[in-house]
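Some notes on the structure that comes next.
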Amino acid sequence: MASKNDVREHEVLIEPLRKLKLGGSLYTRPSEVEAKLLELASLSCDELITYCELRQGDPAYVPSECLLHFVRSYRARMPDICFEKLYKFLIERVLSSCSNKISNDDKTSSLIHSNIRDEVVGRFAELLAHDFKDYVEKLDYYEIRFNDALKKMYIDVYRQVKRGEDRLTSLDDQVTGEPKIEVERAAGSFEPFNTSAFTEDDYRSCLYAAIDTLPPLEKKIIEMLRLGFPIDSKDPNVTTISRTLSKSEKTIRTYRNKAFATIRTILEEANQI
Amino acid sequence: MTSGNSQPSREDVLYAFAVELTPGRDTLERYLRDYPEYTDGLIDLSYELSREVREDEMPLSVEQQAMIDSAWQQHVEAAPKEVIDPFANLTVTAQRDLARQLSVPRQVITAFREHRVEPNSVPLPFLKRMAVVLNITAEGLRDFLGQSLDAELMRSYKADSRPESPTKVDFEQLLIDANVPPDKRKLLMEGEF
């Protein structure tokens with residue numbers, strides 16, 4: 001019979017990861033994840049569940065990397081109540097991290113993101129089911145940086161869903177017809193990332209929502225600009241946007257202006273600038 | 001393990017990029033230089049990684065709860081089907097405690113232990129309460145109850161003549177046989193006890 005003081009059997013040894021890095025060495029968990037695992041390992045099942053219920057921001061919040069580790073530690077064992085609760089918390093975390101992309105304002109976009117969210121949850125659950133039988137190395141990435149690994153899954157699903165939605169996956173498909181000259185005027189010297197407003201949550205949230213509406217090529221240009229890549233350079237050793245995306249400097253500038261105009265309009269409509 | 005010498009797949013490259021400790025221009029530049037064939041995915045992922053993840057503060061919707069339950073159900077169905085006996089290590093005292101916590105006579109617990117109860121006749125709230133106390137999932141308890149009782153009962157018979165084939169008993173009949181009063185029986189059947 002379960003007792004509140006029962007200590008789970010599996011936590012004494014924290015199993016090392018098995019995935020190899022691209023360079024050939026083994027991945028290890030970040031030191032803070034490893035330390036948290038050691039701290040949590042001595043808890044009883046009931047205590048662990050209580051901690052896992054805490055929300056992000058609470059000092060005792062259990063990172064998803066650790067939650068995943070405990071779920072995986074049940075591999076090839078019979079599921080019990082503790083496992084069921086941990087499993088459900090983990091799926092809730094996946095749902096939660098995908099749900100904040102779903103806006104109620106735009107019904108079409110909302111539907112697409114709901115479909116993506118459902119697919120991500122399904123794929124993640126499938127990974128867990130496979131891992132329950134045989135170690136799935138791919139899940140090691142999620143024990144290192146859970147949300148970032150999940151973002152990788154998110155973009156894969158996004159590309160597939162969007163491909164079904166509007167067949168807009170090829171960059172070349174995007175470059176049909178040059179934007180009108182008015183667009184260039186509208187874009188002006190707009191610098192959406194280089195503004196004091198960028199430190200404000202509402203502005204950033206609105207900016208990312210605006211970028212999300214851009215076609216793939218424009219989105220890529222904006223991302224490279226955000227990171228400070230130059231559009232072009234005479235030095236052949238410099239990584240430029242133009243060379244990376246295999247487009248002329250003029251094309252890149254044209255689509256940068258078009259993207260800026262779109263973003264500016266959305267930010268203005270949301271009273272963010 | 002994955003070989004470090006073979007050409008890495010798109011999957012491996014993007015996951016590796018996702019978990020890099022120092023994301024930013026230098027890291028992206030290095031990946032773009034080393035894996036130009038995955039340029040599209042790397043830039044898309046770089047953008048996605050720059051986005052903050054905020055946990056949804058809203059309580060779970062009915063739809064979300066259903067998704068979680070559905071994922072769990074699929075997991076249980078895919079899990080190894082070894083049936084465990086949740087009563088195996090239960091002492092007499094623990095069985096008495098279990099009966100007390102579930103508000104039923106000891107003989108009801110004995111019938112469950114010998115999986116003489118028809119699992120589909122047990123009200124779900126009662127089954128779930130018993131599963132929680134036994135630290136097993138409701139599905140696991142149902143699997144245990146669903147086991148055939150022929151083999152075990154046959155072993156326990158010492159009479160010369162072969163007994164009639166045993167059948168499982170409905171939960172309500174079990175309560176009647178255990179002299180549980182009708183009003184309490186009703187509550188147990190409705191899962192409100």
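Measuring nothing but protein heavy atoms, the accessible surface of segment A:19-63 at 1.4 Å probe radius is 54 percent carbon and sulfur.
Applying the Karplus relation 6.51 cos²θ - 1.76 cosθ + 1.60 with θ = phi - 60° to segment A:221-236 yields 3J(HN,Hα) values of 4, 4, 5, 5, 5, 4, 7, x, 5, x, 5, 8, 7, 7, 6, x Hz, where x marks Gly and Pro. The spacing between segment A:240-273 and segment B:108-149, judged by their C-alpha centroids, is 63 Å. Leaving ligands and nucleic acids aside, the A/B contact buries around 6700 square angstrom of accessible area in total at a 1.4 Å probe radius. A 1.4 Å probe run over the protein chains yields, for segment B:38-136, 47 Å² of accessible area per residue, whole-number rounding.
Of the accessible area of segment B:7-91, with the probe set at 1.4 angstrom, what percent is carbon plus sulfur? Looking at segment B:7-91 in its full context, I get 52 percent from C and S. Would segment B:4-83 count as rounded, prolate or oblate if I go by the C-alpha gyration tensor, calling it rounded below 1.5 in a/c and otherwise prolate when a/b exceeds b/c, oblate otherwise? Since a/c reaches 1.5 but b/c is at least a/b, the shape of segment B:4-83 is classed as oblate. Each Lys or Arg adds one and each Asp or Glu subtracts one; over the other residues with Cβ under 10 Å from the Cβ of A:Leu20, this totals 0. Computed from phi, the 3J(HN,Hα) profile of segment B:100-109 under the Karplus parametrisation 6.51, -1.76, 1.60 (θ = phi - 60°) reads 5, 5, 9, 6, 9, x, 4, 5, 5, 5 Hz, with x in place of Gly and Pro.
Provide the FRET efficiency to the nearest 0.05 for the A:Thr199-B:Arg10 pair, computing r from the beta carbons and using R0 = 45 Å. So, using R0 = 45 Å, E works out to roughly 0.80.
The values are calculated or read from the model by the stated rules, or taken from the named source; none is laboratory data. Owing to the predicted nature of the structure, the values given are computational and were not obtained by experimental measurement. Reconstructed Cβ throughout: ideal geometry from the backbone, glycine too, with neighbour counts over all protein chains shown. Just the protein is used for accessible areas: all its heavy atoms, side chains included, with ligands, DNA and RNA removed. Shrake-Rupley method; radii C 1.70, N 1.55, O 1.52, S 1.80 Å.
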